[in-house]
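Structure, as structure tokens:
The values are calculated or read from the model by the stated rules, or taken from the named source; none is laboratory data. Everything numeric here is computed off the predicted structure, so don't read it as measured data. Quick reminder, even Gly has a Cβ in these numbers, built from the backbone with ideal geometry, and neighbours come from all protein chains shown.
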Amino acid sequence: MSDGHAIATPGDDFHERTANAVANPVLQKALHNLDRRLRTAATSAAAHPDWKERAAAIRRETLHDLDGWLDRLEQSLTARGVQVHRASTPADARRIIVDLARARGARTVVKSKSMATEEIDLGNALEAAGITSVETDLGEYIVQLAGERPSHMITPAIHKTLPQIRDVLAREAGTDLAVDREELTLWARGRLRGEFLRADIGITGVNFAAADTGTLVLVTNEGNGRFCTTVPRVHIAVMPIEKVIPRLADVGIMLPLLTSHATGQALSNYVTMISGPRRAGEVDGPDELHVVFVDNRRRTLLGTKYEEMLACIRCGACLNVCPVYRNVSGHAYDAVYSGPMGKVLTPLLSGGAEGADLPYGSTLCHACTDACPVKIPLGDMILSLRADVPDARTALRRRRRVFWSVWARAWSTPRGYRLTTALGRVSRGRVPGLRAWTSSRELPRPAREPFRDRWAKEHR
Amino acid sequence: MIDTLIATLRENTCRVSGPMGVDAARTAIVALVAGHALVACNDDVPIPGLADALARLPVEVLDPRDPQWPVRLADADAGITGALLAVAEPAAIAVAAAPGSPRGTSLVPPVHICVLRVADLVPTLADAMQTIAAGDLPSALTWIGGPSRTGDLEMITTLGVHGPRTVEVVLVS
């Protein structure tokens with residue numbers, strides 16, 4: 001996807017970008033920090049094995065009647081004075097939000113980290129409309145200042161080391177800052193505090209939306225999500241349609257499951273449950289609350305073998321355990337969603353137009369399937385997408401089919417077998433056209449003298 | 001249950017005092033705000049006579065009905081709130097927005113003093129959500145586990161990035 005973001009890991013395709021990522025020593029150093037998360041998240045997630053079953057059941061119950069639950073959610077939200085907008089494409093969502101901002105004369109927007117707003121590329125649309133959009137999650141703010149895109153959905157700046165982060169923040173500050181976590185955090189706190197107080201609109205994602213009560217559930221650790229929903233006069237929540245859950249009581253299971261898999265915390269530091277805008281007599285909170293339902297081809301997945309992908313709760317556990325992600329980081333995927341879930345979601349949400357080569361960059365170890373808290377068969381989906389999404393390799397597959405049928409015919413007769421193995425001995429295993437395959441694999445060397453000949457000699 | 005809550009809140013770098021009686025809690029809060037210049041205080045703090053006790057201190061108390069409240073809150077040294085309820089597992093305290101109890105009190109000042117009645121403690125989040133979903137939901141209900149934190153700098157926790165750096169939990173029996 002090329003949308004004006006600088007691509008931190010260059011390359012024409014996934015294969016080339018992974019090679020460049022592995023060859024980047026600074027990125028490799030930064031990626032070691034993922035090990036910290038992996039250990040804590042694994043321990044914490046193992047604490048309640050029965051939660052996975054219950055959460056998986058709740059998500060599938062939702063998907064079974066997604067439209068029904070969305071209608072109920074819309075009714076509950078509307079009854080609470082929330083304005084609901086439905087967007088079928090990212091362009092629709094961008095237009096709805098930009099129009100809302102323009103109509104209110106908004107000049108500055110503060111954003112809480114949200115993959116949904118990345119998906120609809122909202123930041124660029126706001127900037128194009130002359131509205132300043134400020135990311136307020138510290139990692140996302142760093143990534144925004146660097147002109148990049150988040151490389152991990154939970155920790156967006158995981159690809160950066162502390163000295164690199166200092167450089168980005170010091171450039172913005174216009175002064176020297178020490179390579180010191182406390183000092184950098186304190187500077188960002190002061191800078192972003194000003195942005196919160198100035199902002200006309202707060203924009204957030206949604207972690208869960210309860211259909212029965214019309215409650216939006218937002219999870220953060222920093223408190224930036226709380227600021228975005230407390231200070232500005234208008235709050236706009238961008239909600240991919242699968243975020244709906246039937247009952248608010250379901251978050252009793254879903255929330256601890258999400259946060260234990262995302263960060264290893266039993267619960268995120270702040271969980272905000274919003275039921276409508278500010279009420280009469282209340283001193284803070286937004287006067288207006290808008291929720292934008294974003295479809296973006298999700299409905300087309302219902303009833304297909306990829307429907308379960310919509311059960312995803314964006315915890316990032318599959319990224320953390322993936323041997324490919326752990327070595328190349330998110331930018332190599334050149335897509336909004338990276339890691340195993342990104343390999344599945346990117347081609348599906350783009351109708352095969354983007355990320356068609358991603359399903360091939362997998363070891364098929366199925367660690368993602370095991371790690372998934374809502375039991376999405378990610379490994380199986382990656383494999384079946386190779387067949388279902390046409391890409392440059394379709395031609396390769398056709399060549400392969402021709403090769404195997406010729407081989408099958410040749411080895412069906414003793415004469416054909418002798419002829420091809422003799423050719424193999426002469427070429428010493430160097431088969432033209434197989435270099436891409438043999439560059440990372442050993443082709444078995446044929447014996448100097450075949451068993452067939454030795455046997456014939458000894459039994460003469 | 002209460003021991004689990006206290007232990008986990010401390011693990012999450014909260015300071016916890018009590019459980020103690022109402023009078024002791026009032027004294028404890030007075031001691032906590034002693035050095036401050038401006039303190040915001042919500043109506044939902046379950047300690048009778050707290051306003052009078054604070055009024056006797058050389059501390060200005062910011063009232064939610066002050067028309068300058070949103071602007072002045074940014075200068076407050078501490079915010080004092082009550083709590084709707086708390087859960088022991090995972091450890092978290094729920095603070096509800098209401099007239100007289102703004103959202104910002106537990107968010108904007110660098111210190112949050114949260115007063116929780118031990119009787120409002122329930123075992124698990126699943127239990128709490130059953131009760132909350134069945135009742136009248138506030139416009140904003142915030143679960144707080146500890147001071148504001150980030151893991152964005154090489155995945156090492158740094159406190160106070162946007163919200164309070166210090167959370168004082170006062171347990172009232």
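Key figures for this structure:
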quantity: Which numbered condition B:T166 misses (of (1) under 13 Å from the mean Cα position of the chain (by Cα); (2) farther than 25 Å from A:A209 by Cβ; (3) β-branched (V, I, T); (4) crowded, with 20+ Cβ neighbours inside 10 Å); calculated: (4)
quantity: Some residue of region A:314-327 being within 30 Å of A:D99 (Cβ to Cβ) and either out of contact with any Gly (no Cβ under 6 Å at 6 or more places or on another chain) or surrounded by 20 or more Cβ atoms within 10 Å (Cβ to Cβ) (or both); calculated: yes
quantity: The one condition in (1) of a type in the set (A, V, I, L, M); (2) in contact with a His (Cβ under 9 Å, 6 or more places away or on another chain); (3) within 26 Å of A:L248 (Cβ to Cβ); (4) at pLDDT below 95 that A:L138 fails to fulfil; calculated: (3)
quantity: Some residue of region A:409-421 being modelled with pLDDT of 90 or more, under 18 Å from A:C312 (Cα atoms) and outside the structural domain of A:N124 (by TED's automatic domain parsing); calculated: no
quantity: Index of the failed condition, B:D77 passing every other in (1) more than 16 Å from B:V16 (Cα to Cα); (2) modelled with pLDDT of 95 or more; (3) within 13 Å of another protein chain (Cβ to nearest Cβ); (4) out of contact with any helix residue (DSSP H, G or I) (no Cβ under 7 Å at 6 or more places or on another chain); calculated: (3)
quantity: Residue selected from region A:141-155 under the condition in contact with a helix residue (DSSP H, G or I) (Cβ under 7 Å, 6 or more places away or on another chain) and modelled with pLDDT under 90, by the criterion nearest to the other protein chains (Cβ to nearest Cβ); calculated: A:T155
quantity: Output for region B:112-132, where each listed residue is among the acidic types (D, E) and within 11 Å of chain A (Cβ to nearest Cβ); calculated: B:D127
quantity: Whichever residue in region A:265-317 is part of a strand (DSSP E or B) and not β-branched (V, I, T) and, among such residues, is nearest to the other protein chains (Cβ to nearest Cβ); calculated: A:M273
quantity: Enumerated strands (runs of 3 or more DSSP E) restricted to region A:156-241, each holding at least 3 residues that are within 12 Å of chain B (Cβ to nearest Cβ), crowded, with 16+ Cβ neighbours inside 10 Å and not hydroxyl-bearing (S, T, Y); calculated: A:215-220
quantity: Any hit, region A:343-350, residues being more than 14 Å from A:M153 (Cα to Cα), small (G, A, S) and either buried (at least 24 other Cβ atoms within 10 Å of the Cβ) or at pLDDT 90 or above (or both); calculated: yes
quantity: Count - residues of region B:141-173 that are within 16 Å of A:G264 (Cα to Cα) and more than 8 Å from chain A (Cβ to nearest Cβ); calculated: 1
quantity: Check on A:I245, touching a Phe, Trp or Tyr at 6+ places or on another chain (Cβ under 7 Å) and surrounded by fewer than 24 Cβ atoms within 10 Å (Cβ to Cβ); calculated: no
quantity: Unique residue being free of Cβ contacts under 8 Å to residues at least 60 places away in the same chain, loosely packed, with under 12 Cβ neighbours inside 10 Å and among the aliphatic types (A, V, I, L, M) when the list is A:A387, A:A367, A:A410; calculated: A:A387
quantity: Number of positions in region B:44-74 that are farther than 21 Å from B:R165 by Cβ, within 14 Å of another protein chain (Cβ to nearest Cβ) and crowded, with 18+ Cβ neighbours inside 10 Å; calculated: 3
